[in-house]
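The values are calculated or read from the model by the stated rules, or taken from the named source; none is laboratory data. No experiment lies behind these values; they were computed from the predicted model shown. Please note: Cβ atoms are built from the backbone with ideal geometry, for glycine as well, and neighbour counts cover all protein chains shown.
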Amino acid sequence: MRKCVLSWLTKGKRRKTIMISLKQPMTAKQLSIITGFREYCCSYVLQELLRARIIVCLNPHATRSRLYWFTEDGRQYQNRILKMQGLPALKFDFPIVNWKFYGWICYSHRAEIIKALTEPMQPSSIRRKIIKQNPVMRISANNVTDILRLFLKKKIIKPVKIGKQAHLRYELTLLGKQLQGISLNLLKFKNAD
């Protein structure tokens, strides 16, 4: 570990805050929600950290929702910064997930649907729950239906027939539950800070 790099990381408020806030692979938008910095500021800092080989992009071919995570050196720098701030070192125990796939569901509508599916639900119920949880979200029933079709193809959800009801409901598969758990972790990080 080089002292000049550690000094560079701690000198800038944004760099230091992002180093502390990166608790799982995240996008610039997710970091902006957690840190309160604007998304373009988070993107800029992430690019600096990428050039310094402190983080890597887990889905470099993605055009949007790129996920970033620490290199081994980056984790050591993070632990050192946490120690300097009097905070405990972080233990990472998130499930083994295809992070490129997780990056795909990080688009706002997809992520909101994943978070909303806590029980077997119809598209209209999912939309109502999303609007109730996030009143500024603009999503139509057609958006929900289209995304559910994509989720079915990727085996994130499965159809469920309940009793004699005419319409199918949808629930998360094991993969969907893992992705939901990672998404909900971000809410814990936001509320903890």
Could you go through the range 87-94 and let me know if any residue there is over 22 Å from Tyr44 (Cβ atoms), crowded, with 16+ Cβ neighbours inside 10 Å and at pLDDT below 95. no
All but one of (1) free of Cβ contacts under 8 Å to residues at least 40 places away in the same chain; (2) among the aliphatic types (A, V, I, L, M); (3) surrounded by 11 or more Cβ atoms within 10 Å (Cβ to Cβ) hold for Val136; which doesn't? (3)
Inspect the range 58-81 for any residue being of a type in the set (Lys, Arg), closer than 30 Å to Thr145 by Cβ, at pLDDT 90 or above and crowded, with 16+ Cβ neighbours inside 10 Å and give the result as yes or no. yes
Considering only helices (runs of 4 or more DSSP H) fully contained in the range 1-86, which possess at least 1 residues that are more than 20 Å from Tyr107 (Cα to Cα)? 3-11, 13-21, 39-51, 72-84
Taking interchain pairs and intrachain pairs at least six residues apart, which have beta carbon atoms under 9 angstrom, with the first residue in the range 162-188 and closer than 14 Å to Val97 by Cβ and outside any helix (DSSP H, G or I) and the second at pLDDT 90 or above and of a type in the set (D, E, K, R)? Leu172/Lys158; Thr173/Lys155; Thr173/Lys158
Selected residue (criterion: surrounded by the most Cβ atoms within 10 Å (Cβ to Cβ)) from residues of the range 98-107 that are touching a residue at least 60 places away in the same chain (Cβ under 8 Å) and out of contact with any Leu (no Cβ under 7 Å at 6 or more places or on another chain): Cys106
